Every structure is written in C-alpha cells, then in structure tokens.
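Accompanying notes for the structure given below.
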Amino acid sequence: MNMHSKQPIPPSSGSPLSSGGQVDLRDLAPARLRDYVMSLGLPAKRGRQIFSRLCLPGILDFSQLGISREVITLLAGHATMSSLTPVTVEKSSDGTEKFAFRLADGAVIESVLIPEDGRHTLCISSQAGCAMGCRFCLTGSQGFVRNLRPAEIVNQVLAVMTHMVVSGIERATPRELLNNLVFMGMGEPLANYDNLLTALTILMDDHGLGFSERRITVSTCGIVPRMDDLGRDIRVNLAVSLHAADDTVRSSLMPVNKTHNLESLLGACRRYPLGKKKVILFEYIMLKGINDSLADAHLLAKKLQGIPSRINLLPYNGTGETEYACPDEAQTLAFQKVLRDAGFNTFIRQSRGADISAACGQLAGKS
C-alpha cells in the first residue's frame, strides 16, 4: 500500500491544532498518535517510534527523529511538532530556577526547577493565568487567560530537561533528570481536566518519559467533581490547597469554597483512591491573624481525622501588594505542635525562590 494513499484523520473531535491549523504531534497521547500515523498509511510501530522520540529533550524538529526523509516529508505536510524555549531564566540564591515561556499567541507561563540534595523537582503550569481568584495568590490576581494544550504542558518538561543537559547535568536517561513533577504552577490543573489527563498520559507512558505515579503530584484548590474523575481515570499523588479549616474563613480566601465547601471537599478526599502507605498532601498557607490560631490548628486536626494525610505549613510569601502577613516563627511552631500531637505528619516548608518571585503564589507570567 502506498503510504500516501490515506487522508489523515483528526486526533479527536475538537482537539486543538497548532496556530497553522495542523495537528501538533505533541498534543497526542500514544494511542491517538499511533492512530494518526496509521491514517497516513504508516505502520503502527512507526507511531510508537515517533512517540518515544518526541519525548526526548532537545528534539525540536522532524529531522531529529531519526526517520527516513520520505516519512519526514509526509509528516511535515500534515502535522507540526511544537516546542518551548525559555525567554528568560532566573536563578535564585538558593539554586531555584524560574523559566518564563512565551506561547505562540503571546501568553506567558512560568515553570520552576527546585534542586535539593542532588534531586530536582519541576513545578509545572497548567493554565496561563488562573480563574480561581484566591485572594492571597499573585497568579490569581492576574486573571485567567486560557487553558494550556497538552503539548504546552509536556513541552515545559522537555524544555527544562534540555536546559539541564546544556547546563552540564548528566543522568543515565532523560527520565532521571527530573525526580518529581508537581502541577503547582500557574492555574488550577483540574479546571483544564481533559488536557491535563492527556499530558499525564504522555508523561507517564513507558515508551516516553515513564514517570511513575509516585513521581507526579497534581494540586487542586478543591474542584470536587474533577477530584473524583482524577481518582477514577489515572493514578497520581493528590495535593489539596486547603488554607483554612472553617468555611467562613476559607470562602473569604478562596471563592471555590462557595461552590465546593469543606464538607464536600474533604468527602472527596476520603473517596480518593490511595495506594498502600499513600497520603493526601494538604497545603496550608499561614496568614497572620486569619488562620494561624491554635483554635484553627485544633479545628484542622478535627476536620482531617480519618484521612491519610501529610500537612505542609507554608509561610506566606508576601508580595507587598496584599493585606496579608506571615505569623512569627513561634506561632507557626505552636500550630505545628498541635497537629503533630494529634498524630499528623506536619512540616513547615521553607520557601524556595522567593527572591525571584518563584515561590508558591508568586508566579505571574511576566517576562
């Protein structure tokens, strides 16, 4: 059969296309890429080969895929292969690096690479801007621009891996460059659910980067129906941005609580499927005089009873533009002690990259 004899099928109804109207191969999960390649008259094994090479850092165009000129010409006539290159890279005094990426339509997103003891965690954005409007978060104050396509999520990972290789970091395989991926950058991941799920499928596939479920954490401010969907559709670690144990306080800080209150949110946490020895990570920003009292700590311990938990207390990263402040160290330690005495693994997380506005809540998509 002549491999030009078929017309390519679209990746799926309503799937995003590149700015030129062509299919972006990096938007496609492995099965859809296989089907797309087969629709061009190529064998299924060619789809698997192309997918695995699309997941390598430093691959920026079809000529680097290690395939024949004829296949390159065929692909280039029907599809594109997007990539991201940082427009700025800032390095903190603590080694944290913040990458700003300008997307094809001009929107800017940010990713943060956090080194620690020879290991590297990458914080990924899932949206340009954010619609959740949490009052303590600079990202939320910038408003919502749009959802990121799967390729724009995956390409953050590949771009940072490429940067690491160029910087002289050597590992046996590309997968080993990054130890953990956390979806805690710009945006609410579960508000971009379908694209998130596709990106996770690409990142976790054994023929690609092969990140295991224990290496990926998805954070949410509490979109309850999508928490149930995530637990059903894929296995990853779950982090919940909690920040208050009282509905009145949480609603004043996080508008999402008016739709999905604490009872609903914690019910979803109890339903979330956890493997053996797995926990849900609860993140709690300490805000002086608002959610940092010992009464708040006791209420939090009560509300989380029965949920396998790890609690991270986050000192507030002030921007100088809000009314909030961080409690002193003694108050934070006393808050931690209440939770630990109640049996919860509770840690005070030190901010990383605050001097380059790369800490939690500081990403604003500016370059």
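The values are calculated or read from the model by the stated rules, or taken from the named source; none is laboratory data. Worth saying up front: this structure is predicted, and the values here are computed from it rather than measured. Counting neighbours? That spans all protein chains shown, and the Cβs are built from the backbone with ideal geometry, glycine included.
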(request) May I ask you to list the residues in the stretch 162-181 that are under 17 Å from PHE101 (Cβ atoms) and either in contact with a strand residue (DSSP E or B) (Cβ under 6 Å, 6 or more places away or on another chain) or surrounded by 23 or more Cβ atoms within 10 Å (Cβ to Cβ) (or both)? (result) LEU178, LEU181
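Just checking, which of GLY306, GLY231, GLY289, GLY222 is part of a loop (DSSP other than H, G, I, E, B) and within 22 Å of the chain's Cα centre (by Cα)? Let's see the steps before the verdict.
Working: GLY306 fails: within 22 Å of the chain's Cα centre (by Cα); GLY231 fails: part of a loop (DSSP other than H, G, I, E, B); GLY289 fails: within 22 Å of the chain's Cα centre (by Cα).
Criteria check complete, one pass: GLY222.
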(request) Quick one: in the stretch 49-83, of everything that is in contact (Cβ under 8 Å) with a residue 40 or more places away in the chain and farther than 20 Å from GLN22 by Cα, which residue is surrounded by the fewest Cβ atoms within 10 Å (Cβ to Cβ)? (result) GLY58
(request) Return a yes/no flag: does the stretch 199-216 have any residue that is in a helix (DSSP H, G or I) and within 11 Å of the chain's Cα centre (by Cα). (result) yes
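Considering only the stretch 121-144, I want to know if a residue exists there that is of a type in the set (D, E, K, R) and either at pLDDT 95 or above or crowded, with 19+ Cβ neighbours inside 10 Å (or both). Steps first, answer last, please.
Narrowing the stretch 121-144 to residues of a type in the set (D, E, K, R): 135.
Imposing the further condition that a residue be either at pLDDT 95 or above or crowded, with 19+ Cβ neighbours inside 10 Å (or both) reduces the set to none.
Within the stretch 121-144, none of the residues are of a type in the set (D, E, K, R) and either at pLDDT 95 or above or crowded, with 19+ Cβ neighbours inside 10 Å (or both).
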(request) Would you check if there is a residue in the stretch 193-203 being closer than 19 Å to ALA100 by Cβ and either charged (D, E, K, R) or not assigned by TED's automatic domain parsing to the domain that holds ILE50 (or both)? (result) no
(message) Being buried (at least 18 other Cβ atoms within 10 Å of the Cβ) and not in a strand (DSSP E or B) is the filter here; which residues of the stretch 84-114 pass it?
(response) LEU84, SER92, THR96, LEU103
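For every residue, the table says whether it meets (1) closer than 18 Å to VAL218 by Cα; (2) buried (at least 18 other Cβ atoms within 10 Å of the Cβ).
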{"site": "GLY289", "(1), (2)": "no, no"}
{"site": "HIS298", "(1), (2)": "no, no"}
{"site": "GLN305", "(1), (2)": "no, no"}
{"site": "SER309", "(1), (2)": "yes, yes"}
{"site": "ASN312", "(1), (2)": "yes, no"}
{"site": "ASN317", "(1), (2)": "no, yes"}
(message) Of everything in the stretch 44-63, what is touching a helix residue (DSSP H, G or I) at 6+ places or on another chain (Cβ under 8 Å) and over 23 Å from MET204 (Cβ atoms)? Give them in sequence order.
(response) PHE62, SER63
(request) Those residues that are more than 21 Å from PHE136 (Cα to Cα) and either outside the structural domain of SER309 (by TED's automatic domain parsing) or surrounded by fewer than 17 Cβ atoms within 10 Å (Cβ to Cβ) (or both), I need them from the stretch 326-344; list them, please. (result) ALA330, LEU333, ALA334, LYS337, ARG340, ASP341, ALA342, GLY343
